[in-house]
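First up is the structure itself, then whatever we jot down about it.
The values are calculated or read from the model by the stated rules, or taken from the named source; none is laboratory data. Bear in mind the structure is a predicted one, so any value in this text is a computation, not a measurement. For the accessible areas, the whole protein counts, side chains as well, though only heavy atoms, and no ligand, DNA or RNA atoms are used. Shrake-Rupley method; radii C 1.70, N 1.55, O 1.52, S 1.80 Å.
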Amino acid sequence: ERGVVTLLEKIRAQLEEAKNTDKDEMNSALVHEKEQVFEIEELKMRLKEREKKVVVQVEEEHRRTRKLAQSVKNQEDDLVELDKELLVEQGPLMQQVMKARVLRCVGLNPSNTAGNEVTGTATGGIEFVTAVETNNINLYDIHDGTLKLVFSGDEEGRHVGEPLGHTSVITCVFFHDAKIYTGSMDTTIMCWDIESEKRDFVAKGHEATVTCVYVDAFKMISGAADTKIIIWDKDTGEMLKLVHGHSRGVTCIQSGATWILSGGTDGEVRVWRNLHPDEDPKYKAVKCVRRLKGHGCRVTVVKYGKLEIISGDSEGKVIVWWLKTGDIIQKCQAHQGLVTDLQFDATKIVTSGVDHNLQVIDITTGDVLQTLRGHNGPVVAMAFDSMKIISCSSDGVLRHWEWGNGNQKADKCHIYDSGDNLAKISRKYKVPIPDIVKWNGIKDVKKLYIGQKLIVQKGNPDEPTEAELQASTLKAADRAREAKVDDKIKAAMARAEAEMAKANGQSIANDLLKIDSHIERATLTSRILAGTGGLLKKDYVEVDEEEEKKLLKHNDFTSLQARIKHVGKTKDQMVVKVDAKKQWETTVKQGEYVPDRKKIGDSMAMFLLYQLVDEFVTKDVVKDAMADDMFNESLNGRFFQHSKGRKPIYKQARRFGNALDYARSIDEKEGKVETDASVSGMSQITRESEKKNAAAAEEARSGTGSSEGSSLRSGVIKRAMEASAKRRGEVVPNNIGDKEENDNVSLLGDESLEGSIDVEEGALEQSNESLDTLGELKPAKKKKKK
């Protein structure tokens, strides 16, 4: 409030200065909390607006101050009243009254212990505790100690009819599910329902003070100072069985479905057996199976285990019995005085006593591990689970004890106060600011409030604080969510890439397969085997597959697979099965072989020539034709060939059986006569011309063909011979094609083959021109005139 008032005074002072000044501009830091230069008129307007806002803030601060002052006044008045009440409570009169009204016995619900949550917060638990003072039964909240319900006692002759409660001091209590069972010095047992807040029944049968009562899932059982043990119906209070055995009063008891455990003033612990209630609902077969002697004084508490029994006595001793044999396996001094209650598990025993303490005992060695001090009166009841111990004393205090080791330290905390900040706290406790932020989960320092507890030193540096655990949980959830998103993205990308790769791979593979298939079928060997000689698609695609398989089956000695399989052997070699190498060596050794070098050279030259023509020319033609055809069939080709007002060429071409008919249709549309310049004339290839060309080629190979074939063969060979002889300085006869004269020509030597291969460019061009005359597919290239 003081800061706001000071700000308002500064604004008004500067506003007065601006009104009286003769300057055109002024500096001010009151408008935007940062010094700026303003014109005088603008500054006056801004300061007036700021003045209005600050006046509102001042009024709000005044109201808050008055409210806080009134609250403080009320708190002071309350404190005065509480001091007066406390003075009365601590006075001698109240102390005398409180001493007379002690909690004689306390009942903790065993269902909480069975659920491993002694405060009753687990499923099926009871979050209440019952305590008895004189003949009244009080029900408290186990968490905050609030009194929830009171079942009051009664007095004999106070009213007409049966008493509504116990008429004498209550000596024992048992809390089972939602019902409270109490035994009293008036020899009765009463059952109280905390849900209906009514008394269910009164059980009468004992002749002396009822000292102990226990309820299990099938029955209620009680012991009294009259040495009797009585089994009751737990819902109606009907007596089912009266059992005798102890020579003196029964002080403690516990039961199960088929067993009963009791301890008495005679110092004995007795184990009783009975049939299951389903087989013996009246408990007629109850009998004592074992008597355990060893205490030598009054037994005050007994607990049953599957293999052992543990009991405590009035002298503070605790004994562990082996149930099967009845031997004492462990004995220890736990308390200085009576043992009021105990509980055990596989490793430890926790006991309570009238010496105001709780003891934690090692069940195997009998050593006292830890003593819990804090109560100001006898501890009358206790229970523990895996996390904590709760204990109740006669002074009306219920304490919670957390399990832990003696070296564990609590976190050191700082209470945030006015004027504090993280830097100041860091200097005070010598702790880095990032550690304070991390330990307390501080996200915004502006949200720190007065009274907030901040951890400034961890009790166990290895264990995270609650804020750290929460932050790590959130980070783990974020990382899991991000990883899930990344996995989805990666999976989607992988699927997309797989689909693209599959589509591209199939398209490329199909295209290559299509081209390779056409080229394979267009080779000279495939056409010879298929019986077709044309290069049009229909001439080698539309072949009967069964017939082709038969031909390949009988004549497949030239394919790559057959050559690999037969190691290059021909059909005749396969039939004769004679080693050609050995036959050659035998012929040479015997001198019967005279090589005809000229014939070999001629054959090799013709072989190379036809191989070149077949492999390069034919494949290039087919590749170009197939590439054009596949381009026209593709999407790009169809768009490229499309023109306005005219159907795409690929659709027009489908109406014709082959390229020749299509070419003729184009010439007819354009009005051209079928000549060499027309489309059909340039691409006309007929069966007759193909057969004629094949016959001419065969005659050229055999040397007995027509003049055109002979001229082709002799011209090519002669030019090759002349080129070879020119380098060697020899003369080649003009009648090289005559067989009789060929025998008289001297051999050209081993280099004739090389000379035949080294064909000049002119000879190749001449061979191309000659091939054009035989009807070759590709037209002859015109020589450029130099």
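Of Lys412/Lys443; Lys52/Lys446; Lys53/Lys424, which ones are farther than 24 Å apart at the Cα?
Lys52/Lys446; Lys53/Lys424, as the Cα separations exceed 24 Å there.
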Taking placed amide H atoms and a strict 5 Å upper bound, the residues 5 or more places from Asp395 or on another chain that come that close are Gly377
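Whenever you get a sec, compute what percent of the accessible area on the stretch 404-484 sits on carbon and sulfur atoms (1.4 Å probe).
Reported share for carbon and sulfur atoms: 51 percent.
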What accessible surface, in Å², does a 1.4 Å probe find on Lys458, ignoring ligands, DNA and RNA and rounding to the nearest 10?
30
Expressed in angstrom and rounded, the centroid-to-centroid distance over alpha carbons for the stretch 198-212 and the stretch 160-190 is 6
The rounded separation in angstrom of the Cα centers of the stretch 96-159 and the stretch 32-92 is 47
Considering only protein heavy atoms, with the full assembly of protein chains and a 1.4 angstrom probe, order His356, His335 by accessible area, largest first.
His356, His335
With all protein chains present and a 1.4 Å probe, the order of Arg66, Arg597 from largest accessible area down is Arg66, Arg597
So what J values fall out for the stretch 456-471 if you push phi through Karplus, 6.51 cos²θ - 1.76 cosθ + 1.60 with θ = phi - 60°, rounded to Hz, Gly and Pro as x?
10, 7, 7, x, 10, x, 7, 9, x, 7, 4, 5, 5, 4, 5, 5
Sequence-distant residues sharing a close amide H with Leu240 (under 5 Å, placed H):
Ile231, Trp232, Asp233
Karplus-derived 3J(HN,Hα), 6.51/-1.76/1.60, for each residue of the stretch 21-38, Hz, glycine and proline x
7, 9, 6, 8, 9, 9, 8, 8, 10, 9, 8, 10, 6, 8, 5, 9, 9, 10
Solvent exposure of the stretch 3-54 as accessible area per residue, Å², 1.4 Å probe:
71
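Which percent of the accessible heavy-atom area of the stretch 175-298 goes to carbon and sulfur, probe 1.4 angstrom? Intermediate values should be presented prior to the final figure.
Details: 2250 of 5010 Å².
So the carbon and sulfur contribution to the accessible surface is 45 percent.
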Using a 1.4 angstrom probe on the protein heavy atoms only, line up Tyr181, Tyr416, Tyr429 by accessible area, largest first.
Tyr429, Tyr416, Tyr181
